[in-house]
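Everything on this sheet refers to the single structure shown next.
The values are calculated or read from the model by the stated rules, or taken from the named source; none is laboratory data. Note that this is a predicted model, so its numbers are computed, not measured. Quick reminder, even Gly has a Cβ in these numbers, built from the backbone with ideal geometry, and neighbours come from all protein chains shown.
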Amino acid sequence: MKVTDVVRHGRRCAPVERRGDISAVLYADFFMPSRSRSLASVLLLFAAVWLGGISALHYILNLHTAENKFAKVAKKDKFRIGFLPVTCHLTCPVSDFINQKMTGDNIFEPIRFSSWPELKEAYLSGQTPATFILAPMAMALREQGVPIKIVYLGHRDGSAVMVHKDSNIHRMEDLRGKRVAVPNRFSNQRLLIFRALRQAGMTINDIELVEMPPPDMPAALYAKAVDAISSGEPFMGQTELDGYGRVLWLTKDVWPNFISCVLAVHEDMIKTRPEVVQQLVDGIAQSGKWLDQSMDHRMQASQFVSKNYYHQNPRLLEFVLSKPPDRVKYTELEPLRKDFEEIEQLGREAGILKGTAHFDDYVDPSFARKTTHLRAFAWEEKP
């Protein structure tokens, strides 16, 4: 750091470091003649005003905007909802598609993600004020202090445990010592396996549990890299449809009214825009009732959802939505205390939940209760 002398009117002044900061200017100004000090004071005042203006602008453009971002949702920007291309999120694209067909527009914008970590991070960053998410994951986030509230269910049942058709695995006890793949630590399929093992008099230590992205599971089962797989549809149905997978059991046979995913919103949305949250839940409920109204509706949804949202072969959705017809249910999806208390208990036993958050902390059932009188969407696809 260089030091230089300040010379004014032939007089040498005290040395000043060239630091480029306000303290250096003040130090030099003290030893300067009055005319020079006056100029330096003006420059200092200008700098202070400039810094103050920048700070005020920062508050207006950033902090103030952040505080009110949820209050402005649906007034101008579309309400973004995160989803994955799985059957437990099916009502999201169905609601979007039918709303656009009926009204020409929709204030909600479905955002498709490829994995659970991406979907979760989008919610945590505020990119999606609402999201479909794994039930235990939403509960764990609430335990961590994340302002998340479950307002509706994705569906009931809609999952399975698949084994290779040539395997000698025909009951739960046959999985002893075998490799079983589940989506991730916070998936309800992990709790499903935990619950089924307990019913069979076994523990999680009797199998080798591995985590695997659901899209990778069919190939892993085909190659016999794992002995069994369990995730949301349509990936389980894909193994059966392609001829190498066999159903060990469906969730409806082991855990009636099984819950995999839920619709959750940011708590600030409930406080600032409850009417928008209600409109969202109403649309999801009406699309579920439309899906369960007839098999024709399910087959129609298989086509437009696969082509426009999931980017999958429609035969997958056609298969899992019809064989058997009650494999997945999209009605009576109000979040109930008894169901989540069971998930809490299993989550604690499995070591994925701490038990510090309970039903009233992470669920707001008031929006779902207002959907009981709603009818299915009055829309039919034209031939």
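Kindly provide the set of residues from region 262-275 that are surrounded by 21 or more Cβ atoms within 10 Å (Cβ to Cβ) and either outside the structural domain of residue 364 (by TED's automatic domain parsing) or in a helix (DSSP H, G or I) (or both), ordered by number.
Once the filter is applied, which keeps residues that are surrounded by 21 or more Cβ atoms within 10 Å (Cβ to Cβ) and either outside the structural domain of residue 364 (by TED's automatic domain parsing) or in a helix (DSSP H, G or I) (or both), region 262-275 yields only 269.
How many residues are in contact with a helix residue (DSSP H, G or I) (Cβ under 8 Å, 6 or more places away or on another chain), under 21 Å from residue 113 (Cα atoms) and modelled with pLDDT of 90 or more if we restrict to region 199-230?
Counting residues in region 199-230 that are in contact with a helix residue (DSSP H, G or I) (Cβ under 8 Å, 6 or more places away or on another chain), under 21 Å from residue 113 (Cα atoms) and modelled with pLDDT of 90 or more gives 4.
Among 359, 340, which is free of Cβ contacts under 8 Å to residues at least 24 places away in the same chain, surrounded by 15 or more Cβ atoms within 10 Å (Cβ to Cβ), closer than 21 Å to residue 194 by Cβ and not β-branched (Val, Ile, Thr)?
Residue meeting the stated conditions: 359.
Exactly one condition in (1) surrounded by 21 or more Cβ atoms within 10 Å (Cβ to Cβ); (2) touching a helix residue (DSSP H, G or I) at 6+ places or on another chain (Cβ under 7 Å) is false for residue 169; which is it?
(1)
Are there any strands (runs of 3 or more DSSP E) wholly within region 91-159 with 3 or more residues that are in contact with a Cys (Cβ under 9 Å, 6 or more places away or on another chain), and if so which?
130-134
Whether any residue in region 127-141 is small (Gly, Ala, Ser), surrounded by fewer than 17 Cβ atoms within 10 Å (Cβ to Cβ), at pLDDT 95 or above and closer than 25 Å to residue 356 by Cβ is what I want to check.
no
Got a sec? Which of 348, 375, 298 is under 29 Å from residue 240 (Cβ atoms) and charged (D, E, K, R)?
The match here is 298.
Could you please give the count of residues in region 347-368 that are over 27 Å from residue 302 (Cβ atoms), at pLDDT 95 or above, not aromatic (Phe, Trp, Tyr) and not in a loop (DSSP other than H, G, I, E, B)?
4
Within region 291-312, how many residues turn out to be under 24 Å from the mean Cα position of the chain (by Cα) and assigned to a helix (DSSP H, G or I)?
The total comes to 10.
Pick out the one residue from 326, 360 that is closer than 22 Å to residue 90 by Cα, more than 19 Å from the chain's Cα centre (by Cα) and outside the structural domain of residue 204 (by TED's automatic domain parsing).
None of the others qualify; the one that does is 326.
Results for (1) under 25 Å from residue 81 (Cα atoms); (2) charged (D, E, K, R); (3) assigned by TED's automatic domain parsing to the domain that holds residue 128, shown as yes or no for each residue.
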| site | (1), (2), (3) |
| --- | --- |
| 165 | no, yes, no |
| 187 | yes, no, no |
| 195 | no, yes, no |
| 201 | no, no, no |
| 206 | no, yes, no |
| 243 | no, no, no |
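Looking at this structure, is residue 344 in a helix (DSSP H, G or I), over 24 Å from residue 85 (Cβ atoms), acidic (Asp, Glu) and under 21 Å from the mean Cα position of the chain (by Cα)?
Yes: the conditions hold for residue 344.
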